[in-house]
Amino acid sequence: MEDQLLIKYLLGEANHNETNLVESWIQAEEQNRRHFEQLRWVWDSSASLLDKNAVDEEEAWRQFKHRRDIKNSPVPRSDISPVWFRIAGVVLLLITVGWLWATFLASPAAAWYTEVPLETLDEAKTEVLPDGSVLTLNKNSQLTYSQKLLGDRRLVSMGVGEVFFEVVKNKNRPFVVVANEMTLTVLGTSFKVQQSAEMIEVIVESGEVKVAFRKSAVTLGKDEKVLIHTRNGKIERSRTSNKLFRYFVDGRFVADSVALPVLVEALSRAYETPIAIGSETARNMSITTTLEYGSLENNLELIRQTLGLRIIHQDDSIIIE
C-alpha cells in the first residue's frame with residue numbers, strides 16, 4: 001500500500017473504492033494497522049505544527065498593521081503577503097513530515113511515540129533502544145518498551161522470560177523496568193531480570209538499581225542479586241560470585257572456580273533439562289572452564305573429562321556422579 005493513498009485517506013479525499021481498499025488493507029494484518037497508525041501520528045504532528053505557524057503568521061501580520069496605523073506614517077508595501085506565509089508553511093509541513101518519518105518511524109525509533117513489543121521464541125535476540133541502551137532477550141521472553149519523546153522516563157514492561165539490560169546513563173530520564181508487582185529503577189547500569197510465574201530474579205553486574213516490590217524496597221549494587229517470591233512476597237538478597245547468568249548474552253558459560261552444583265544448576269535452567277548431582281564427592285567439586293552454549297551433550301562430556309566423573313542418563317533426567 002502506497003503512503004500517498006494512505007495520506008489521501010487521512011485527508012478525507014479518497015473516493016469510495018479507495019476508502020474500502022485502505023480500510024481492508026488496515027484490517028488485513030497487524031503490521032498494516034501499525035504502519036497506518038505511525039503515518040497518522042506523523043501527519044497529525046506535522047499538521048499541528050503547520051496550524052501553529054499559520055496562527056502565528058496571522059497574528060504577526062495583524063500586529064504589524066496595528067503598529068503602522070498608530071504611527072500614521074507611510075509604510076512601504078511589502079511584497080510578502082500572508083499568502084506567501086501559507087506557501088512557506090506548506091513547504092515547512094512537507095519538510096517536517098519527511099524529517100519525522102525518517103527520525104521516528106525507523107525501528108526501534110517507534111518507541112519515541114508508542115509501545116514497541118519484543119518477543120523471542122527459540123533464539124536469543126539483541127535490541128538497541130533509541131537512547132542507545134541494549135537489551136538482550138533470552139529465548140521464550142516477552143516485553144514492551146517505550147521512550148516517549150517528551151516523557152520523563154524510559155519504560156520496559158516485562159512478561160515472562162529473561163532479559164539482560166545495558167542501560168545508557170541519563171539522570172534526567174530514569175530507566176524503569178516493571179515486572180508483575182516489581183518496579184526497578186536505574187540511571188545507568190547493567191543487570192539481568194528474570195520473571196516466571198512465581199519468581200522474579202534481579203542480578204546487578206554494574207552500577208546500582210532500586211528494586212521495589214509491594215511495600216518493600218532494596219537497593220542493589222555491583223554483584224548483588226535479589227530473589228522475589230511473588231506468591232508470599234518474600235525477598236532474598238545475596239551476592240553473586242560468577243557470570244554464568246550472562247550465558248545467553250555471550251553465547252557461553254564462563255566458570256572461574258565455580259562450585260559444580262552452581263554450574264549444573266545454570267546448565268539445567270539454560271537447557272530446560274533436569275540435571276542432578278548424585279554423589280557427595282561431586283557436590284564438593286569446583287571447576288574452571290568455558291562451555292559454548294551449544295550442545296548439552298558436548299558440555300557434559302567436557303565436565304566428565306575435566307573432573308573424572310560419570311554421566312548417567314535416567315529417563316528424562318541426567319545424573320552426574
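Against the test of being under 10 Å from the mean Cα position of the chain (by Cα) and polar (S, T, N, Q), the options 136, 183, 189 yield a single qualifying residue, 136. When residue 165 is tested against (1) part of a loop (DSSP other than H, G, I, E, B); (2) surrounded by 21 or more Cβ atoms within 10 Å (Cβ to Cβ), only condition (1) is not met. The lone criterion from (1) of a type in the set (Ser, Thr, Tyr); (2) exposed (fewer than 15 other Cβ atoms within 10 Å of the Cβ); (3) without any contact (Cβ under 8 Å) to a residue 12 or more places away in the chain left unmet by residue 273 is number (3).
Screening the range 209-253 for residues that are among the aliphatic types (A, V, I, L, M), more than 16 Å from residue 181 (Cβ to Cβ) and out of contact with any helix residue (DSSP H, G or I) (no Cβ under 7 Å at 6 or more places or on another chain) and picking the one that is surrounded by the most Cβ atoms within 10 Å (Cβ to Cβ) gives 209. Number of residues in the range 218-233 that are without any contact (Cβ under 8 Å) to a residue 12 or more places away in the chain and more than 20 Å from residue 196 (Cα to Cα): the value is 1. Anything in the range 101-131 that is part of a strand (DSSP E or B) and modelled with pLDDT of 85 or more? List them, or say none. Passing the criteria: 117, 118, 119, 125, 126, 127, 128. Taking the criterion of being touching a helix residue (DSSP H, G or I) at 6+ places or on another chain (Cβ under 7 Å) and part of a helix (DSSP H, G or I), the residues of the range 9-26 that qualify are 9, 10, 18, 19, 22, 25, 26.
The values are calculated or read from the model by the stated rules, or taken from the named source; none is laboratory data. Just so it is clear, the structure is predicted and the values come from calculations on it, not from any experiment. Heads up, the Cβs are rebuilt from the backbone with ideal geometry, glycines too, and the neighbour counts pull from every protein chain shown.
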